[in-house]
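Reading through the structure tokens given below for one structure.
The values are calculated or read from the model by the stated rules, or taken from the named source; none is laboratory data. Here the structure is a predicted model, which means the values were calculated and not measured. Glycine gets a Cβ as well: all are built from the backbone with ideal geometry, and neighbour counts include every protein chain shown.
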Amino acid sequence: MKKFIKKNYLLLLNTLVVIGLFLLPYLLFQGKLYLGGDDTKLQYVFPAVLLRDVHPFSWYHFSSLGWNNPVQFELPFLIVWSFLDYLMRIKFVLNYLGFSLPLIAGFIYFQKFLVELLEGKKGNHKTEAFLASFFYILSPIIIVNQMVNFLISIWLLALIPANLYFFVRYLKTARFIYVFLAMVLTTFFSIALFSIPWILGYVAVLVPSMLVSAFLFKKKEIIYFLKKLVFFLFFVLVSQAFWLYGFLNTYLLISKNSFAAKVVSKQFLDTFSPVVLSTARGTIIYPLLNLFHRQIAFDFNWDLKNVFLNFYDKTMILNSIYLIILVLALINLKKALSKKERKIFIIFFGSFLLALFFFTVNIGPLKELFLFLRNFPGFVVFRNFYDKFAPTYVTFFSIVIFFSLVVVRRSLKKASKILLIAFGIIVLVNFIPVEKIVNSPIWQTSQSYKHITFPKEYINFMKEINNKIPTTNNLLSVPFGSSVYSVIKDETSNNVYVGVSPVIVFSGLNDISGHLSFNFTEIANMMDGLIVNRNYSKLNSVLYQHNINYVVVTKNIPKDALNADWLFGANVLRKQDKEFLNSITSKKLLTSQEGNYELYQTKKTNSLISSRNVYFKKISPVKYVIYIKNLEKKQVLSFVDSYHTGWKLYLKKNPSLSFCLKPAQNRELLSYQCKEEKKIFEPEDLSFLYLRPVFDEKHGLLNDYANKWEIDPSYIKHNFDSLYYKENKNGSIDIELVLYFKPQTDFFIGVFVSAIVFLASGIYLILKKKNEKLN
């Protein structure tokens, strides 16, 4: 038995760690769902709904006004998760698997990558690779930065080391199979690729270090490396064309309501310096001990400060072992590492020092340098430096620690075993507070925690809304908050869902839940003032102009959540009283079973699409069919969604109203809404790649927000065959139009490119395998 354990101790240790990481969410959350935050985490629990209603489309509503924000990057993950959901039908198991999988995959691939960095037999230093990966995945910085928030950036913990491993293997062997495996894994983990700021964090510290260290390598080595790197990146990136092409176009063709426009907006830029100055008050001491910035926890009164007071302040002396090992390594570096290994170490050590600066910022005059960097396009995304550079810092610190452990093992052979064992124990000790950190109350509350069970009352109420109201309407969520967050109370406790409002997931309707739902527009700044000053005339006008026709009221939000000023501004919340509700609504339509949720209709209801004698039908968030009867002179067609030049009108042959079932009339606007369909794609959508739109030059702004077109019957008669319109006895015509969001076609182009790359790569590998067998 002893001989077996001695021979297989690493396998046993790895197995124990994997099992521990798999069970971790079960111990932390005890059968409840861990949801909320900016990413909602709803994709882990309701993947099929998001796959059908949200993520295939380039026009995005998720508790916000519409904007061009392609989110197809999640599609491969949602397809796999929907299949798992169909097999399991146990929501919390899916939720927990989403929590554990990136940690497990990151732990495994980080080890595989590390051993590839050394010369000689890889097995000689697998223990050091295990310990460095243990250090990487259980880092207190990762607990605070990734496990607590559980954003999609957590998948980078797996994706980055996996791709580094595949690239190094490709660099060594020139075998295309490693490029192909990177393509496959990146496609599944493409959910992480929208974590652009975190990815740029890796690039920002690795590239400069590589450039500075280039003089260490021969010209021939540099050229070989660059060729392989370009080839590897080309295939990996082109395989992601299904989402990347449309995403890049939001930057290349910036429009008023695109994702890129929000990132480079003045309002967003103006937040950079204040945020940095308010948070860059820590020092490099705690990061060097593999701990999160203590000062930030105290400055912002995070519950993490209690973990420091009760645990880390008492045990931090143990963490000095990391610095001891690092110093010992630097002293013995030359004699313990080969020349090639030293070159690699220098690159990663340089990246580590840069990451330490970016993660801390407050390093003497370097803070001013960081503030100056805001002038570089896009650098503003690093305003929350302690967040965006945290995974980067831990990654490069872990690589440096790995080399340090190798040096210690080679140079201090007898004492190294004790140091290695002590290192592993201290890493484990630092992980002890994980439950208190992850399960801490929501910021500025004392008893509201983030793991919940969605109440049946809420789910059934949302189903009733879905059955009663077409999804072409917007809802106003009350209380109206400070961001885009909603608060939903747990079924049996004061635990809450606090995150981007999930109304669209449960009801199919988009809601406007708070200040940031207005996408940094002027209306966002105006709304709070209208509520506080009780300017109901203007407020009702804003609701009408933004197609907000219904109001959902939540009445059971715990008091400590209501008192959190980052969720609800005190003055705004105070004025959302009975007078407020009576002033913006006309009648109550629904009350939930326990009375905790209510639905009202606004004073005046709008229609998403309106014009004289118009019938319309929603097919998807990017497509509507429109029929206009008795068009005899120019008239305006309005579309009350965010203005974007990508919205195009296309004239259809053989106009027919047969598509319209159960039309509901808006008497005031003389428009009819037909029963909607839910279709992700129709074959005719491909024709919008080449068809010319009509009335494009007449496309303009409505109320400084929405879209309008001037429809001219004489233009149609003079420029189109009679197949495109139906002439009536009085000389008027009937026409059928398709309103389509043209940037959606970028997705089709991207899918085609990705499919071609995968198909060609697969064929190449199969043929290569056959040739190898023949030879």
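Values as computed for the structure displayed
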quantity	calculated
Options Asn525, Asn519, Asn540: the member that is surrounded by fewer than 19 Cβ atoms within 10 Å (Cβ to Cβ), more than 16 Å from Ile465 (Cα to Cα), under 29 Å from the mean Cα position of the chain (by Cα) and not acidic (Asp, Glu)	Asn525
Elements of type helices (runs of 4 or more DSSP H) in the range 538-653, at least 1 residues being of a type in the set (Ser, Thr, Tyr)	578-584
Test: residue in the range 35-50 that is polar (S, T, N, Q) and part of a helix (DSSP H, G or I)	yes
Exclusive hit being in contact (Cβ under 8 Å) with a residue 60 or more places away in the chain, in a helix (DSSP H, G or I) and either out of contact with any Asp or Glu (no Cβ under 6 Å at 6 or more places or on another chain) or over 27 Å from Phe292 (Cα atoms) (or both), set Ile331, Ile325, Ile363	Ile325
Per-region count, the range 674-713, residues hydroxyl-bearing (Ser, Thr, Tyr) and surrounded by 12 or more Cβ atoms within 10 Å (Cβ to Cβ)	2
Residue within the range 593-611 that is farther than 30 Å from Val496 by Cβ and hydrophobic (A, V, I, L, M, F, W, C) present	yes
Exclusive hit being small (Gly, Ala, Ser), touching a residue at least 12 places away in the same chain (Cβ under 8 Å), closer than 19 Å to Val636 by Cβ and in contact with a helix residue (DSSP H, G or I) (Cβ under 8 Å, 6 or more places away or on another chain), set Ser754, Ser732	Ser732
Condition met for Leu657 (out of contact with any Gly (no Cβ under 9 Å at 6 or more places or on another chain), modelled with pLDDT of 95 or more and of a type outside the set (Val, Ile, Thr))	no
Residue in the range 398-408 that is of a type in the set (Gly, Ala, Ser), under 27 Å from Ala297 (Cα atoms), out of contact with any Cys (no Cβ under 8 Å at 6 or more places or on another chain) and surrounded by fewer than 23 Cβ atoms within 10 Å (Cβ to Cβ) present	no
Index of the failed condition, Thr445 passing every other in (1) crowded, with 19+ Cβ neighbours inside 10 Å; (2) in the same structural domain as Leu530 (by TED's automatic domain parsing); (3) of a type outside the set (Lys, Arg)	(2)
Given (1) surrounded by fewer than 21 Cβ atoms within 10 Å (Cβ to Cβ); (2) outside the structural domain of Phe300 (by TED's automatic domain parsing); (3) in contact (Cβ under 8 Å) with a residue 40 or more places away in the chain, index of the condition Asn474 fails	(1)
From Ile749, Ile766, Ile735, Ile756, residue being farther than 30 Å from Val542 by Cβ, part of a helix (DSSP H, G or I) and over 31 Å from the mean Cα position of the chain (by Cα)	Ile766
Any hit, the range 176-197, residues being closer than 18 Å to Leu117 by Cα, assigned by TED's automatic domain parsing to the domain that holds Arg374 and not in a helix (DSSP H, G or I)	no
Qualifying residue in the range 13-24 (condition: among the aromatic types (Phe, Trp, Tyr) and buried (at least 20 other Cβ atoms within 10 Å of the Cβ))	no
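Yes/no per residue for (1) touching a Cys at 6+ places or on another chain (Cβ under 6 Å); (2) buried (at least 20 other Cβ atoms within 10 Å of the Cβ); (3) assigned to a helix (DSSP H, G or I):
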{"site": "Arg52", "(1), (2), (3)": "no, no, yes"}
{"site": "Ser63", "(1), (2), (3)": "no, yes, no"}
{"site": "Gly106", "(1), (2), (3)": "no, yes, yes"}
{"site": "Phe113", "(1), (2), (3)": "no, yes, yes"}
{"site": "Leu118", "(1), (2), (3)": "no, yes, no"}
{"site": "His125", "(1), (2), (3)": "no, yes, yes"}
{"site": "Phe135", "(1), (2), (3)": "no, yes, yes"}
